[in-house]
Amino acid sequence: LFVSCNILYNSRSRMGEETYFPSVKMATTLKSTLIDIPKAVIRSARMNSRASAYAHAKTGDFSLEPPQLHNPYRDDPVLDRTLRRMMPQNEYEKTASDLDAFGDRIVREIDHLGRQCEINEPKLVAQDAWGKRADNLKVCSEWTQLKRVLAEEGLVAIGYDNGRDPVYRRVHQTAKLMMFCPSSGMVSCPLAMTDGAAKTFQAIGAVNSHPLAKEAFERLTSRDPNVSWTSGQWMTEKRGGSDVGGACDTYAVHEEGDTYRLNGYKWFSSAIDADVAVTVARIVDKEGKAIEGSKGLSLFLIKLRKSNGDLNGVQMVRLKDKMGTRQLPTAELLLDGVQATLISSPGRGIASVSNMLNVTRLHNAAASVGYMRRIMSLARDYSSRRSVFGRLQKDWPLHVRTMADLEVEVRACTLFLLDVARLVGLQESGKATEEEALTVRLLTPVIKAYAGKVCVPLISEGIECFGGMGYMEDTGLPTILRDAQVTPIWEGTTNVLSLDVLRVLGGRDNVVGAFSRTVASLVKDATKSKNQKVAASALAVSDATKVVGKVLSSLGDSSLKDTVRIDAGARHLLTALGRVYCGALLTNQANSIDATNGEILSAFRYCTERSLVGNLSIDTFSTARNEDDSTIVYEGFVEKKSKL
């Protein structure tokens, strides 16, 4: 600055006054500033030194843009079109209007509530500070609010709405469940059990013969959150959950009329803050004896709390420490003289519970498909925001190819889910033909198992689309994977449901024929399509159906009974049935007059790029292969006998 002043002074003879004097004034100001700068720097340094202990770390000028959740109804590429094609116009309009409004509410309110349930897990205070039994279950306010949402939105009530076509109200409900589950904070679990209990009370006529069952049905299906109840379902004991008949160790002692006292230990009981619960127990006769096996089980309805608010003979032993679904209060329960109402005929507990299977399996499948759709929707949005190596993810063919492969599977499962819901609606309405009744009995375990088995690896792949952020708990993305892992397990593992499929196929000779004819009717017109991709898809489905039929026919050959073990290949058979039916539904949609190019391409890829039946053949069931399996698994394994 001093140099500049000197230059100005020495240059005065070459400047005019109009230039020189303003410049000198500026130089004088700069000289003054030069003197003040060191003082200011010293003061600033002192202040910074004192404040450094409270200064924020700098993170730079870049931050990642998170994926945005959009209305799940409008954001789904196939849901609206599928409903429009499936439903009569008046039913479609009611359904579409409700789902669209519900989608907005999910984004605006529900998803946040669900996230808070994940962050604020339930807690159990078993005893108070002085050692008195407390059994105080603490849940967050968002959990309670979501249970109110459950009623307000009619998530159970829609399935029993007498003002709706009974065939399509289940479709409406199932689509809504699919949207709700990923944001539900696992309130979707008591929702499923509530629906299952209501269905059971209705099916066995308990609403007409037992006042408590009648009240429960009305409250379980209510849209008024101040009136509505939720239900638990206490079936699992220490010996296991799937083999209820062999595992049940709960006993019922008669008091009077239909009232009994239950004593037992329930190993895995979810939604323990419910208002009522259904459970099975063995009735003890006057001599203190009870019938073993499934024939000894009867169905009971329990009201969890007495009129004074105390628990009805129930002790909450501990909350289960689960891998996922941690928002959901699941506990071990000791039943010590629980007052209960017998609502089935004695010994008809398993038969009565079977009425809820179609409903709860449908809920489970809706959760699987809902989780898959959620991760795909978020990954698709993120691909338009995240830039890597100089391009957005959506501009990298490899990334888009990965998402396309996942999207085709989600579309297939969505169609499968909604079609089974339609069949369940037909059955409940009494309008199902014999062929449709056989088909729905076969397909409910298939859709539950198939969707559950597909969803976990698919969601894992979907999380990978977010890179390292997909692994961070505070993004909420890992929750989707951990919660989805339960769907292949609850309501029967894949192997258990595979055996159920065998029972269905073996119980009636015409089940296979019903399935084959249903598939053929779905692709019949498509085989004549002028679109080569549609025709090729139809041909692949037809060929795969023949393979399944041939294998099942061979399994019935008495000459092979010593060389095959039918249960060993049951899982392969279930998967083939699921894939063939998905292929048929995709092809049927692709052949619609208003089919989009995306629908045609999805059908073609699903049906032709890999075998619909996988490696299913008669060799899948061979006893020789079973022996090889044991060799592979137990090679080098030294079995240690239990000391017990």
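Computed values, structure above
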read-out	value
Residue within the stretch 287-304 that is open to solvent by 40 Å² or more (accessible area, probe 1.4 Å) and at pLDDT 95 or above present	yes
Residue in the stretch 233-243 that is open to solvent by 30 Å² or more (accessible area, probe 1.4 Å) and farther than 30 Å from ARG482 by Cβ present	no
Subset of the stretch 582-607 [part of a helix (DSSP H, G or I) and among the hydrophobic types (A, V, I, L, M, F, W, C)]	CYS582, ALA584, LEU585, LEU586, ALA590, ILE600, LEU601, ALA603, PHE604, CYS607
Scan of the stretch 187-220 for residues that are open to solvent by 10 Å² or more (accessible area, probe 1.4 Å) and either outside any helix (DSSP H, G or I) or in contact with a Cys (Cβ under 7 Å, 6 or more places away or on another chain) (or both), ordered by number	SER188, ILE204, GLY205, HIS210
Qualifying residue in the stretch 564-571 (condition: touching a Pro at 6+ places or on another chain (Cβ under 8 Å) and more than 23 Å from LYS528 (Cβ to Cβ))	no
Residue in the stretch 619-633 that is among the β-branched types (Val, Ile, Thr), at pLDDT 95 or above and either surrounded by 15 or more Cβ atoms within 10 Å (Cβ to Cβ) or under 31 Å from the mean Cα position of the chain (by Cα) (or both) present	no
Residues being in contact with a Pro (Cβ under 9 Å, 6 or more places away or on another chain) and among the β-branched types (Val, Ile, Thr) - total across the stretch 436-453	0
First in the stretch 412-427 and within 18 Å of LEU357 (Cβ to Cβ) and open to solvent by less than 10 Å² (accessible area, probe 1.4 Å), second anywhere and of a type in the set (Asp, Glu) and assigned to a helix (DSSP H, G or I), Cβ under 8 Å, 6 or more apart	LEU423/GLU436
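Conditions (1) at pLDDT below 95; (2) in a loop (DSSP other than H, G, I, E, B); (3) on the phi < 0 side of the Ramachandran plot; (4) touching a Ser or Thr at 6+ places or on another chain (Cβ under 9 Å), marked per residue:
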| site | (1), (2), (3), (4) |
| --- | --- |
| TRP229 | no, yes, yes, yes |
| GLN233 | yes, no, yes, yes |
| VAL253 | no, no, yes, no |
| ASN263 | no, no, yes, yes |
| TRP267 | yes, no, yes, yes |
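Yes/no per residue for (1) under 17 Å from GLY578 (Cβ atoms); (2) touching a His at 6+ places or on another chain (Cβ under 6 Å); (3) not aliphatic (A, V, I, L, M):
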site: LEU497; (1), (2), (3): yes, no, no
site: LEU505; (1), (2), (3): yes, no, no
site: GLY513; (1), (2), (3): no, no, yes
site: ARG517; (1), (2), (3): no, no, yes
site: VAL523; (1), (2), (3): yes, no, no
site: ALA526; (1), (2), (3): no, no, no
site: ASN531; (1), (2), (3): no, no, yes
site: ALA538; (1), (2), (3): no, no, no
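For (1) crowded, with 18+ Cβ neighbours inside 10 Å; (2) in a helix (DSSP H, G or I), each residue gets a yes or a no:
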{"residue": "GLY492", "(1), (2)": "yes, no"}
{"residue": "ASN495", "(1), (2)": "no, yes"}
{"residue": "ARG503", "(1), (2)": "no, yes"}
{"residue": "ALA514", "(1), (2)": "yes, yes"}
{"residue": "THR518", "(1), (2)": "yes, yes"}
{"residue": "THR545", "(1), (2)": "yes, yes"}
{"residue": "SER553", "(1), (2)": "no, yes"}
{"residue": "ASP567", "(1), (2)": "no, yes"}
{"residue": "ARG571", "(1), (2)": "yes, yes"}
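Okay, residues lined up against (1) open to solvent by less than 30 Å² (accessible area, probe 1.4 Å); (2) in a helix (DSSP H, G or I); (3) free of Cβ contacts under 8 Å to residues at least 60 places away in the same chain; (4) under 18 Å from CYS582 (Cβ atoms):
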| residue | (1), (2), (3), (4) |
| --- | --- |
| VAL440 | yes, yes, no, yes |
| VAL446 | yes, yes, no, yes |
| TYR450 | yes, yes, no, yes |
| ARG482 | no, yes, no, no |
| THR487 | yes, no, no, yes |
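The values are calculated or read from the model by the stated rules, or taken from the named source; none is laboratory data. Computed from a prediction, not measured in an experiment: that's the story for all the values here. All Cβ positions, glycine included, derive from the backbone under ideal geometry; neighbour counts span all protein chains shown. SASA here: full protein model, heavy atoms, side chains in, ligands and nucleic acids out. Shrake-Rupley method; radii C 1.70, N 1.55, O 1.52, S 1.80 Å.
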